[in-house]
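Below is one structure, written out as structure tokens, with a few remarks after it.
The values are calculated or read from the model by the stated rules, or taken from the named source; none is laboratory data. If you're wondering where the values come from, they're calculated on a predicted model, not measured in any experiment. Cβ: placed from backbone, ideal geometry, glycine included. Neighbour counts: every protein chain shown.
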Amino acid sequence: MAAPFDMARAGLLLVDLQNDFLDPKGAYGRAGQGAAEIAALPARLAPLADAFRRKGGPVLATQFTLVPGRGGEPIIAPHLKQLRPFLARGDFAPGSWGQRTVDGLQPVDIAVEKVAYSAFYMSRLEWVLRKTGISQLVVAGIVTNGGVASTVREAHVRDIDAIVLEDGCAAFSPETHRTAIDALRPVARIATIAEMLAEIG
């Protein structure tokens, strides 16, 4: 049985909703990589982010990052390079416009760089959550079967409750999204944005 929503210990976690993923001028947009379901997320999530801010709840964002290596060339995992050969120097670079969370979901209270699917892998996310008293995450973002699923499963093994927003996440196909959501039901509560807005009040 999933724990009930508790605003006093909750944070809204926006997974990888960044310019390089979503903006037409970003890395994926320039390469013609996108999906309508992904593009719709910022506008859909903005009212929930505003509700968290009104109630004093933190808005956190993960920022997928390509760390510059020798000569400024990004360090890209081989599997990612094979999937996304268009990624190049400057894409998802630390501190860049492309790495930044999209304007429609600003301001973000806490941003955490991530270098793999899970936002917990070799990052400061768990440290931030423990220091700020957050033990429940309302999770939204992209992609459902990648960064979202990996982060939620790792939250589960760290005894951090997760509520996954079914209509606040997206993948590159609706079928992939639905399969990923169903697979998360054993480790997280599945809810909608409207349900969370009603519970926040």
Taking the range 167-183 and keeping residues buried (at least 23 other Cβ atoms within 10 Å of the Cβ) and not in a strand (DSSP E or B) leaves His177
Cβ pairs under 9 Å, 6+ apart or interchain, first in the range 140-161 and more than 25 Å from Pro47 (Cα to Cα) and modelled with pLDDT of 95 or more, second acidic (Asp, Glu) and surrounded by fewer than 23 Cβ atoms within 10 Å (Cβ to Cβ), ordered by first then second residue, are Glu154/Glu126; Arg158/Glu126
For the range 43-56, the count of residues that are surrounded by 20 or more Cβ atoms within 10 Å (Cβ to Cβ) and more than 23 Å from Ala149 (Cβ to Cβ) equals 0
Exercise for review: Answer yes or no: is there a residue in the range 123-134 that is of a type outside the set (Gly, Ala, Ser), in contact (Cβ under 8 Å) with a residue 40 or more places away in the chain, touching a helix residue (DSSP H, G or I) at 6+ places or on another chain (Cβ under 8 Å) and closer than 19 Å to Ile200 by Cα.
Suggested key: yes
In the range 140-166, residues that are in a strand (DSSP E or B) and under 12 Å from the mean Cα position of the chain (by Cα) total 5
Counting only residues in the range 1-15 that are of a type in the set (A, V, I, L, M) and in a loop (DSSP other than H, G, I, E, B), the one farthest from Ile110 (Cα to Cα) is identified as Met1
- Message: Would you confirm, using the coordinates I've provided, whether Leu22 is aliphatic (A, V, I, L, M), modelled with pLDDT under 95 and under 20 Å from Gly147 (Cα atoms)?
- Response: no
Reported set for the range 72-101 where residues are polar (S, T, N, Q) and either surrounded by 11 or more Cβ atoms within 10 Å (Cβ to Cβ) or within 21 Å of Val15 (Cα to Cα) (or both) is Ser96, Gln99, Thr101
Over the range 76-90, the set of residues free of Cβ contacts under 8 Å to residues at least 40 places away in the same chain, part of a loop (DSSP other than H, G, I, E, B) and of a type in the set (A, V, I, L, M) is Ile76, Ala77
If you go through Ala40, Ala2, the only one that is surrounded by fewer than 20 Cβ atoms within 10 Å (Cβ to Cβ) and at pLDDT 95 or above is Ala40
- prompt: Can Gly32 be described as free of Cβ contacts under 8 Å to residues at least 24 places away in the same chain and either farther than 26 Å from Ala155 by Cα or outside any helix (DSSP H, G or I) (or both)?
  reply: yes
Would you check if Ala93 is in contact with a helix residue (DSSP H, G or I) (Cβ under 9 Å, 6 or more places away or on another chain), in contact (Cβ under 8 Å) with a residue 40 or more places away in the chain and under 23 Å from Leu125 (Cα atoms)?
no
Expected single match for of a type outside the set (Ser, Thr, Tyr), at pLDDT 95 or above and crowded, with 23+ Cβ neighbours inside 10 Å among Val128, Val164 is Val164
